Protein chains: 4
Amino acid sequence: MFNIALFGCGRIGKVHAVNIAANPETQIRAVIDPYQEGAMQLADQYGADVMTVDEAMSDPDIHAVCICSATDTHADLIELAAKAGKAIFCEKPIDLSLARVRTCLEVVEASGVPFLVGFNRRYDPQFRTLKDLFESGAIGKAETLVITSRDPSPPPVDYVKVSGGIFRDMSVHDLDMARFIMGEDPVSVSAHGSCLVDPEIGEAGDIDSAVIVLHFPSGAMANIINSRRSGYGYDQRIELHGSKGMLKAGNVREHLVEHWGEEDCSSAKPQYFFLERYEKAYIAEWQHFVDVLEGKVEPQCSGYDGEQALVLAEAALESLNAQNTVKLG
Amino acid sequence: MFNIALFGCGRIGKVHAVNIAANPETQIRAVIDPYQEGAMQLADQYGADVMTVDEAMSDPDIHAVCICSATDTHADLIELAAKAGKAIFCEKPIDLSLARVRTCLEVVEASGVPFLVGFNRRYDPQFRTLKDLFESGAIGKAETLVITSRDPSPPPVDYVKVSGGIFRDMSVHDLDMARFIMGEDPVSVSAHGSCLVDPEIGEAGDIDSAVIVLHFPSGAMANIINSRRSGYGYDQRIELHGSKGMLKAGNVREHLVEHWGEEDCSSAKPQYFFLERYEKAYIAEWQHFVDVLEGKVEPQCSGYDGEQALVLAEAALESLNAQNTVKLG
Amino acid sequence: MFNIALFGCGRIGKVHAVNIAANPETQIRAVIDPYQEGAMQLADQYGADVMTVDEAMSDPDIHAVCICSATDTHADLIELAAKAGKAIFCEKPIDLSLARVRTCLEVVEASGVPFLVGFNRRYDPQFRTLKDLFESGAIGKAETLVITSRDPSPPPVDYVKVSGGIFRDMSVHDLDMARFIMGEDPVSVSAHGSCLVDPEIGEAGDIDSAVIVLHFPSGAMANIINSRRSGYGYDQRIELHGSKGMLKAGNVREHLVEHWGEEDCSSAKPQYFFLERYEKAYIAEWQHFVDVLEGKVEPQCSGYDGEQALVLAEAALESLNAQNTVKLG
Amino acid sequence: MFNIALFGCGRIGKVHAVNIAANPETQIRAVIDPYQEGAMQLADQYGADVMTVDEAMSDPDIHAVCICSATDTHADLIELAAKAGKAIFCEKPIDLSLARVRTCLEVVEASGVPFLVGFNRRYDPQFRTLKDLFESGAIGKAETLVITSRDPSPPPVDYVKVSGGIFRDMSVHDLDMARFIMGEDPVSVSAHGSCLVDPEIGEAGDIDSAVIVLHFPSGAMANIINSRRSGYGYDQRIELHGSKGMLKAGNVREHLVEHWGEEDCSSAKPQYFFLERYEKAYIAEWQHFVDVLEGKVEPQCSGYDGEQALVLAEAALESLNAQNTVKLG
């Protein structure tokens, strides 16, 4: 049984809390959050203690940390945990600054602790099946990857302002997915965007609609289509077109009941947002971290992966601003 | 080029008129209908003459008849045409009375003229594909056939009163389809029904909702589900379940555009009714009759087929009334 | 926290064990099974004790029993538990003999203990959504219900011999579902069947393919299509046709990835069997039992429901043998 | 009845010949093709005369020309027809050189003859339904258009060499479709591509896989995904994402029969290529030309449209070579 210190008890912290508790190999030992009331509630619920950062990092009973706190605390907590010899699971991103990511990763590497970056979609059963079928040769060599990724509705502008922008905040998942599916690092990034959903997002210096094109060393391309608003739920689809055919992973609908009526035939919308759509992915992700803790496997999403996703997001921003293709590497 | 005498210029007569004219091997030579104005209009449109029954039957230039007149005239016209040596295409049914069907078929047989009964669904490209795949062994031996057949909305009660009842008028198509797909004559019929759609149909002594179960000599069963009203268009589906899997022929939708919106994801309804859904079937049916005229093939839907469909419809009615399974043969 | 005595640790006992343990309101206190090794293993896994029937029934710490033992022990265990004042969850069926079911239910009623019969499909999220939409008026008044229910492959003949036959063993689920969806008790049953899948099933006096037609007081009909073999997984579909349209609950597929290739476009098969397809239903069923234990709700599947499903299964058998419609009530 | 001179009796000429003959308002009066045998055969089949270009242009009985000849003859024939006062239907493109297109259009404009450019996909019932639904407000304001367009297999390299390259030859249809759906002229083009399908295409200086991003004055974007090879038929899909939802036009499959078997559930592939998929579009296109001839409507695809599609194709090529976004207008 591994004892986990959970940093941050907001929305995503609670998702991980459920999975940590439900996993037979892990339990929550400590909850750490500047918002004391929230920390106490979560600690109570799972029979854990509320601790300070220092207490948790120095507690020899704690085997691993699960970092779900505010983005700007990630890198510091990672370094503290690494120095304290704790295994680390950290929600994406490591940091919004690439320079900070790199100094942080040096500390992690020096420490030798297991480190898993939380790109949850890698564990989605649909996308995993697509990747497995591709790797088994079902469609030959990859040619074009198309990732459609639309949020149901835009976040508050206050969030947008501290989010690092659509590429670092939202597209970063799709950029990671492109690397994950293709098994290659892109050689160039070309990004296009508009502010169509909410003019306040534009006034905050960001865009809300984007198209990104990646080139890979093999010549294959990836095409990412993003929007901060779908109008019909969380639109999460992948098409991988290869030399012998295509694989398509569609949306997961709220239910499978069709209604045939006078107007039309209707089906349920896609599941509303990431908590619903990626519920199984979060469980599988935590199980993977347990397998890492047990020394059975290497982390499937390393510090390098976390860094590369940010490299691509920054290149996308540079490309958007320059209206130019940006070369990498 | 075969010259055709078209009997009846109502809705179904006009469907055949279009196809006769469009087929490079046939043209309409004569139009016969007690409703003179309709006959003249159709004749004008296709460069044909309006004739009396006698004129058409005795015209040596006429090679074949296409009988689309009122049901109670079919058997007489078939006999006249047979005696006149004309090849015969006759819309279903031959007659609503089985005795009359049998005397009529004797005349046809004695004459030796080609005779094709118009069960249009046999030529539907979807159902034909299903049958072809079944016969190619795609699902092994047939076990259960499920035919769903719902009209978009009930006919006027005045029509219901002269229709011969739901089994002779509507289910007869599905009973023929069951024989066509299975390639066997059933050994028993069990019919169930209710009047749920329109109480006036019940007052007219008929039902509007039916379930029929057929047993075949092989042990296989067919299950027909009928309603005079769907609420969403013409529901025409077939499922054939066999020893190695299933074949399903779905509805043809009005179009293929999906709308994903705040409420749901909607698709188009099935095509409205038989004129839309079986447009291609009517063309293929006429082409088949042309192939018969040219001596290339035997009629795929013979007098015997027309008789058997009525035998099954009558057995269904007997079963419904007796609340009992009716054995055949 | 309710302490549960689990009777039977076979396949279905293990399903419930997982759900009892995962539910925050219940824990396994005792495991009872004549097969001691299995009981010990399960007890170990969940920190429970192995007990005899008497020990469990007389232990005041045990609040409820979960009966998953062999069918022929159900009625006896129900009676013992009722007399001991334990709340009862019992897997279907109560017994294969209607007479025994009735004496057993009298004991339950006299005791006043909460009693829930385990027809798992009532809790399937797809079918529940269909029922909810129907009850909200989405398709008006019910007219025809079509339940397709095919097992992936036939059970061993040894099982068939003690199963009570296809109607009591397999169709009983669909008969219960028909009552559940329609909210009425049928007035007649007509059953049809063949032995097509495995001749040994026929030699054992049973059939493996069935079509059942039910009539309801409202005039509505239900049409159940069963087979012991699908060839493609667990085929569990419901169509409810009403006065204003149709609701369809389709199969749950193994995954949502499509492969488009040179031969065809392929999708995943339905989930293999009941453990996969009804995983969520079993969880929801147990949660419902917890709600019953907490006095929040009445059991949604009562002793009467268990009895009626068997009444219909027996009527189906009588109808099959007599080749006749059997009236009820 | 309008008499048509048909220039070119290759594959596409034959498609139009069928539609000209089937339309009640048009007939083929002359067939012109340097390949005399082909011209004679087609003329024979439709009761037309074989003519030279001069004969056809100077024949006062000929009301309109249908230009289906080799691409490099289009502009000259258009000019001759315009000067001869014939109405003109010309297969795309007007010419591969933008300069030539412009001089040609000046001649057409000076002549005042009706002129329709043959972008067949504008008449596809699926895409037309999508456009109609969009214009009726079904999804609010357009935000992102995604056009997937993949040929089943690459053309011979000899064809590639004279085709003008993938953008002028293939993407030009999608560029036109983007303008047609959005109802705006793009302000910038960014094109990306690789040679992945056939190395000989690369050696010929062309690419076979492309991604194009267009920006429109409204801020909306269009994303075109092209490949010279699908592996599964002609992949022709459109997704239009707007402020209130999405419209999707899917592929038309060869048939609607599903096979559920031990391996998977399979459906038919998309129709093979443009002759099958756009059969109805070609018929509707010709009917539109007839409506133009009758003075009922203005051409829905004008010389300006033909020119703009080429402007975009050339900009795409420039963008690909410069690895840069190209601004327009």
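The values are calculated or read from the model by the stated rules, or taken from the named source; none is laboratory data. All of these numbers come straight from a predicted model, not from anything done at the bench. Cβ sites come from the backbone with ideal geometry, for glycine too, and all protein chains shown count toward neighbours. Ligands, DNA and RNA are stripped out before the accessible areas are found, and what is left, the full protein with its side chains, is counted by its heavy atoms. Shrake-Rupley method; radii C 1.70, N 1.55, O 1.52, S 1.80 Å.
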* **Candidates D:Gln300, D:Gln308 - the one that is in contact with a helix residue (DSSP H, G or I) (Cβ under 7 Å, 6 or more places away or on another chain) and open to solvent by 60 Å² or more (accessible area, probe 1.4 Å)** => D:Gln300
* Restrict the check to region D:69-88 and report whether at least one residue is part of a strand (DSSP E or B), over 29 Å from B:Ile20 (Cα atoms), hydrophobic (A, V, I, L, M, F, W, C) and in contact with a Gly (Cβ under 9 Å, 6 or more places away or on another chain). => no
* Asked: Mind checking which residues of region D:90-108 are closer than 25 Å to D:Met182 by Cβ and open to solvent by 50 Å² or more (accessible area, probe 1.4 Å)?
  -> D:Arg102
* To do: Return the total of residues in region A:106-121 being touching a Cys at 6+ places or on another chain (Cβ under 6 Å) and either part of a helix (DSSP H, G or I) or at pLDDT below 95 (or both).
  => 0
* Asked: Does C:Ile88 satisfy being within 14 Å of chain A (Cβ to nearest Cβ) and either farther than 27 Å from C:Asn251 by Cβ or among the β-branched types (Val, Ile, Thr) (or both)?
  -> no
* Asked: Within region A:21-39, is even one residue out of contact with any Phe, Trp or Tyr (no Cβ under 9 Å at 6 or more places or on another chain), in a helix (DSSP H, G or I), open to solvent by 20 Å² or more (accessible area, probe 1.4 Å) and in contact (Cβ under 8 Å) with a residue 24 or more places away in the chain?
  -> no
* To do: Among the residues of region C:172-211, count how many are in contact with a helix residue (DSSP H, G or I) (Cβ under 7 Å, 6 or more places away or on another chain), open to solvent by less than 10 Å² (accessible area, probe 1.4 Å) and of a type in the set (D, E, K, R).
  => 2
* Asked: Of all the residues that make up region B:66-81, how many are open to solvent by less than 50 Å² (accessible area, probe 1.4 Å) and closer than 20 Å to B:Glu109 by Cβ?
  -> 7
* Structure fact -> If we ask which residues in region D:244-261 are open to solvent by 30 Å² or more (accessible area, probe 1.4 Å) and touching a Gly at 6+ places or on another chain (Cβ under 6 Å), their number turns out to be 2
* To do: Check region B:282-290 and report whether any residue there is among the charged types (D, E, K, R), assigned by TED's automatic domain parsing to the domain that holds B:Leu133 and open to solvent by less than 60 Å² (accessible area, probe 1.4 Å).
  => yes
* What is the number of the single condition among (1) at pLDDT 95 or above; (2) touching a Gly at 6+ places or on another chain (Cβ under 8 Å); (3) within 14 Å of chain B (Cβ to nearest Cβ) that C:Gln126 does not meet? -> (3)
* Which residues, counting only those in region C:137-171, are surrounded by fewer than 17 Cβ atoms within 10 Å (Cβ to Cβ), within 30 Å of B:Arg150 (Cβ to Cβ) and more than 11 Å from chain A (Cβ to nearest Cβ)? -> C:Gly137, C:Lys141
* Does at least one position in region D:189-202 carry a residue that is touching a Pro at 6+ places or on another chain (Cβ under 8 Å), within 14 Å of chain B (Cβ to nearest Cβ) and over 28 Å from D:Leu98 (Cα atoms)? -> no
* Taking B:Thr103, is it assigned to a helix (DSSP H, G or I) and in contact (Cβ under 8 Å) with a residue 60 or more places away in the chain? -> no
* To do: Hand me the list of strands (runs of 3 or more DSSP E) wholly inside region D:136-224 holding 2 or more residues that are under 24 Å from C:Glu262 (Cα atoms) and free of Cβ contacts under 8 Å to residues at least 40 places away in the same chain.
  => D:209-215
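Every residue, every condition in (1) more than 27 Å from A:Val18 (Cα to Cα); (2) at pLDDT 95 or above; (3) not in a loop (DSSP other than H, G, I, E, B), yes or no:
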residue	(1), (2), (3)
A:Leu240	yes, yes, yes
A:Leu247	yes, yes, yes
A:Asn251	no, yes, no
A:His255	no, yes, no
A:His259	yes, yes, yes
A:Ser266	yes, yes, yes
A:Tyr272	no, yes, no
A:Glu276	no, yes, yes
A:Tyr282	no, yes, yes
* Looking at (1) open to solvent by less than 30 Å² (accessible area, probe 1.4 Å); (2) under 30 Å from A:His259 (Cα atoms), can you tell me which one C:Ala87 breaks? -> (2)
* Check whether at least one residue in region B:115-132 is farther than 23 Å from B:Val297 by Cβ, open to solvent by less than 60 Å² (accessible area, probe 1.4 Å) and among the aliphatic types (A, V, I, L, M), and report yes or no. => no
* Structure fact -> Of the residues in region B:227-238, those that are assigned to a strand (DSSP E or B) and either open to solvent by 10 Å² or more (accessible area, probe 1.4 Å) or at pLDDT below 95 (or both) come to B:Arg237
* Can you spot a residue in region A:257-267 that is more than 29 Å from A:Ala142 (Cβ to Cβ) and touching a residue at least 40 places away in the same chain (Cβ under 8 Å)? -> no
* Tally the residues that are more than 7 Å from every other protein chain (Cβ to nearest Cβ), in contact with a Leu (Cβ under 6 Å, 6 or more places away or on another chain) and under 30 Å from B:Pro152 (Cα atoms), restricting the search to region A:237-284. => 0
